[in-house]
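Read through the structure below, which is laid out as structure tokens, and then see the notes.
The values are calculated or read from the model by the stated rules, or taken from the named source; none is laboratory data. This structure is a prediction, so every number in the text was calculated from the model and none was measured. Positions of Cβ are backbone-derived with ideal geometry, glycine not excepted, and every protein chain shown enters the neighbour counts. Side chains are part of the model used for accessible areas, which takes the heavy atoms of the whole protein and leaves out ligands, DNA and RNA. Shrake-Rupley method; radii C 1.70, N 1.55, O 1.52, S 1.80 Å.
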Amino acid sequence: MLEAGMIYRISDSKWLSPVQVVSKRGGRTVIRNENNELILTRVVTGWRVCINYRELNAATRKDHFPLPFMDQMLERLAGRAFYYFLDGYSRYNQIVVDPMEQEKTAFTCPFGVYAYRKMPLRLCNAPATFQRCMLAIFVNSVEKWIEVFMDDFSVFGDSFETSLTN
């Protein structure tokens with residue numbers, strides 16, 4: 001993230017948040033314990049680094065920008081001959097944090113203290129900010145040929161050519 005310019009090193013911040021490493025859990029499997037009993041267990045598929053922004057989120061004024069209703073989106077997609085589902089990979093990392101506010105995203109790890117230039121996950125207003133941004137970009141297209149829900153995009157049309165153009 002440092003090499004990609006998403007974060008940068010800072011000396012200190014009053015908003016310093018700790019980093020936690022948590023397991024990524026996959027599906028479930030059955031294993032035998034020491035008593036030869038079968039136990040249903042979640043499989044750990046890897047590890048994820050999480051920044052604990054609880055203190056910052058508690059002090060943040062909440063943005064109650066509404067997310068679309070899933071049932072209404074599905075109704076607009078129903079009966080369409082063609083639609084494509086697209087996942088907005090690294091969604092939040094596309095939005096720049098105001099330079100005056102970047103210090104608030106500071107986190108500490110064994111390698112030093114860093115802050116984000118791009119919006120990190122787990123900020124309480126990140127979903128609303130991203131949804132507002134996407135609706136501003138697609139203002140003339142939402143409900144006509146695209147539906148946007150967070151980082152998921154459904155592009156649709158009544159013909160293959162129309163859907164491809166959209």
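Side notes on the structure shown:
- Options Ala4, Pro18, Asn35, ranked by Cα towards positive dipole end of segment 1-68, top entry (Cβ charges): Asn35
- Modelled FRET efficiency - R0 25 Å, Asp152 with Met1, Cβ distances, 0.05 increments: 0.60
- A simple spin-label model places the labels of Lys144 and Leu77 2.1 nm from each other, with each point 7 Å out along Cα-to-Cβ.
- Taking every protein chain into account, the accessible area of segment 65-166 amounts to 60 square angstrom per residue (probe 1.4 Å).
- Cα gyration tensor shape for the chain, rounded if a/c is under 1.5, else prolate or oblate: oblate
- Taking a straight line from the alpha carbon of Lys104, these lysines sit under 21 Å away, with near neighbours fewer than eight places off in the same chain left out: Lys14, Lys62, Lys118.
- Placing dummy labels 7 Å off each Cα toward the beta-carbon, the span from Glu101 to Arg32 is 5.6 nm.
- Taking Cβ atoms as reference points and 15 Å as the exclusive limit, the residues near Ile31 contribute a net charge of +2, counting Lys and Arg as +1 and Asp and Glu as -1.
- When the solvent-accessible area of the chain is split by element, carbon and sulfur atoms take up 56 percent of it, the probe being 1.4 Å.
- Among Ala106, Ala128, Ala81, the largest mean-square fluctuation in a Gaussian network model of the chain, built with springs joining Cα atoms closer than 10 Å, belongs to Ala81.
- Calculated FRET efficiency for the pair Arg61/Arg9, C-beta based, R₀ 25 Å, to 0.05: 0.30
- Relative contact order [Cα under 8 Å, 6+ residues apart], segment 50-166, whole percent: 35 percent
- Among beta bridges identified by DSSP and lying wholly in the chain, the antiparallel ones come to about 90 percent.
- Considering only Glu147, Glu101, Glu37, the Gaussian network model of the chain with Cα springs below 10 Å gives its largest mean-square fluctuation to Glu37.
- The residues packed around Leu121, meaning those with a beta-carbon under 12 Å from its beta-carbon, carry a net charge of +3 if Lys and Arg are +1 and Asp and Glu are -1.
- Put a dot 7 Å past the Cα of Glu161, heading toward its Cβ, do the same for Asn52, and the two dots end up 5.9 nm apart.
- Within a Gaussian network of the chain (alpha carbon springs, distance under 10 Å), most fluctuating of Met100, Met73, Met134: Met100
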